[in-house]
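We did not get these values from a lab; they are worked out from the coordinates using the rules stated. The model shown is predicted, which means the values in this text are computed figures rather than measured ones. Every residue, glycine as well, gets a Cβ built from its backbone with ideal geometry; the counts of neighbours run over all protein chains shown.
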Ligand code: GLC
């Protein structure tokens, strides 16, 4: 495959000082540098990306049809959220078969064709491995239910007798991520109440027992199955959940029965030390292959030190940076950048910079709120200034894409899509809605199908004459946000992303680890990547004057002279004349 070659993009005419200049130099690290160290990875949520057959749900041919957009955008890799057969109790994170493709998305042949087509364009593919739990209809689980207590089939999962005289109470006090107890009682074949099984997430997602050697060996094979077909990396879903303290003792939640994995220390079902054996094993499998196959952890744990343990040199290569994802749009960004770098330096790991995903409030909506921390995201009632949010999204793109490490863009964030907070209740699909007793609407607001072209739903998401509506309703008024509209609009959110990604490919400074803060007021982030590249982000609420010794390569807002307005960012290079 061809890599590191700039995609053939149609350059936009927009650029604050006549468009990007690419003559900047900078030392490139010459030692072998795996592709993922500097990659920009685009998250595809397949159900919502593009629908090629008109059934209202995205599919693999839809992703293939969208590759032109992704190549024009200039991303290096895709992370495709689960594409396996699934009853969709949790949007595909409940898997019925790990070596196949959900028929609603296509076939294994389609997946192989997609991999080949992406590779031919220099785009790599990371898939999502959901190995903490299966779906209820996975043959391992149906066999376990049909088998007697203590059988090898049951040993693949976490079955226990209930507490209390009739076993009517769950085996321990563990809670589920989606609310309520983490245990579900089974019914025996003769209709009597049976054992309980553990589910860290929804009851439709029974936890596998990772102390079981059959589970470990089978997943070695599953990883090889996909590596053999050419996938370039594996996202490890819910990594800290895999291992549980033997004996399954009660947890001490301190009286707060909410899933707070980012705060738990010494919890018996989260971030248990033995979990690392599993990922060392996965690393060995990845290293059987050439091409720098990468493992990416989703690991929300209590401290940077705990996270670094997943990133030891013989374990997972990179991990999502949830601190960056959650910090408000303010000076706290500087602290998180520093902490991230300090945490990762001792283990030599690469930073990741993530601002959105299929689990979060859309960035435009969050950044438009007075309190832009992500914790407030669950409530649709909090007002948001979307114009301000859009402005900040563009600035944040320049910040994120200037930092050393891997950057992630969630589909639609390159368009500045807002959250869709008014999906009718009877259309909500996220299990959080039901599990929370209709108090939390869940994550559907960021999963609404993408708008490609046109002025009304389905905005090109489904083909003309489609028989079904998009699986989540799209709002009116997205005509100006479509890919087509923004591609033709110099200075649009899409245009800023494209230019930034184009520059990122061209400038050697981006293939180094160079990073140094410059002296600046606290509310201005100002850093250099080697001698020839500088990024300035204005968080001060006031205009600032840019250094006259430096020229602007790109800015997140059109510039009028050397003044950078509030909530804006620019990349600079030394003036040569
Ligand atoms: C991860 C996924 C999320 C899913 C959960 C359970 O957090 O990102 O969407 O619900 O794992 O698999």
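In terms of surrounding Cβ atoms within a 10 Å radius of their Cβ, 326, 244 rank from fewest to most as 326, 244. Run through every distinct alpha carbon pair of the range 421-568 and return the Kirkwood hydrodynamic radius in angstroms, one decimal place. It is 19.1 Å. Label separation (residue 99 vs residue 540): 6.1 nm, computed from points 7 Å beyond Cα along the C-beta direction. Centre-to-centre separation between the Cα atoms of the range 420-444 and those of the range 292-335: 28 Å. Evaluated at q = 0.27 Å⁻¹, the base-10 log of the normalised Debye intensity for the range 515-574, with identical point scatterers placed on the Cα atoms, takes the values -1.23.
Only Cα pairs under 8 Å and 6+ residues apart enter the sum, and on that basis the relative contact order of the range 139-198 stands at 28 percent.
Full extension of the chain between residue 186 and residue 373 gives 63.3 nm of extra length, using 0.36 nm per residue less the Cα-Cα distance.
Between the helical axis of 108-120 and the longest alpha-carbon principal axis of the chain there is an angle of about 20 degrees. Mean separation of Cα pairs under 8 Å and 6 or more residues apart, divided by the residue count, gives the chain a relative contact order of 17 percent. Sorted fewest first by neighbouring Cβ atoms within 10 angstrom, 572, 198 come out as 572, 198. Note: relative contact order over the range 515-574, using C-alpha pairs below 8 Å and six or more positions apart, is 34 percent.
For every helix of n ≥ 4 consecutive DSSP H residues, a contribution of -39,500 (n - 2.57) applies; sum these over the chain, divide by its total residues, and give [θ] at 222 nm rounded to the nearest 500 deg cm²/dmol.
Values: 16 runs with 141 residues, N = 577.
Theoretical 222 nm ellipticity from helices: -7000 deg cm²/dmol.
Full extension of the chain segment joining residue 256 with residue 169 gains 29.3 nm, where the gain is 0.36 nm per residue of separation less the Cα-Cα distance.
Give me the extension gain from residue 456 to residue 288: residue separation times 0.36 nm, minus the current Cα-Cα distance, reported in nm with one decimal.
Values: separation 168, 0.36 × 168 = 60.48 nm, distance 4.88 nm.
Gain on stretching residue 456 to residue 288: 55.6 nm.
Can you give the FRET efficiency to the nearest 0.05 for residue 277 and residue 31, using r as the Cβ-Cβ distance and R₀ = 30 Å? Intermediate results must be reported in sequence, preceding the final value.
Numbers: r = 30 Å, r/R0 = 0.99.
E(calc), rounded to 0.05, equals 0.50.
For the range 139-198, what does the alpha-carbon gyration tensor say about shape, rounded, prolate or oblate, given a ≥ b ≥ c as the root eigenvalues, a/c under 1.5 as rounded, and a/b over b/c as prolate? Judged from the Cα gyration tensor, the range 139-198 comes out oblate (a/c at least 1.5, b/c at or above a/b).
Mind sorting 133, 566, 138, 532 by how few other Cβ atoms lie within 10 Å of their own Cβ, fewest first? Spell out each step's value before the answer.
Details: 133 28, 566 17, 138 24, 532 20.
So the ranking, lowest neighbour count to highest, is 566, 532, 138, 133.
With Rh defined as the Kirkwood radius, the inverse of the mean 1/r over Cα pairs, the Rg/Rh of the range 152-273 is 1.01. For the chain, what D do you get in µm² per second when you plug the Kirkwood radius from alpha-carbon pairs into Stokes-Einstein at 10 °C and 1.306 mPa s? Once the numbers are plugged in, D ends up at 64 µm²/s.
When each of the peptides 414-424, 304-314, 164-174 is scored by how many other beta carbons lie within 10 Å of its residues on average, the order from highest to lowest is 414-424, 304-314, 164-174. Normalising by residue count, the range 314-448 has a Cα convex hull of 116 Å³ per residue.
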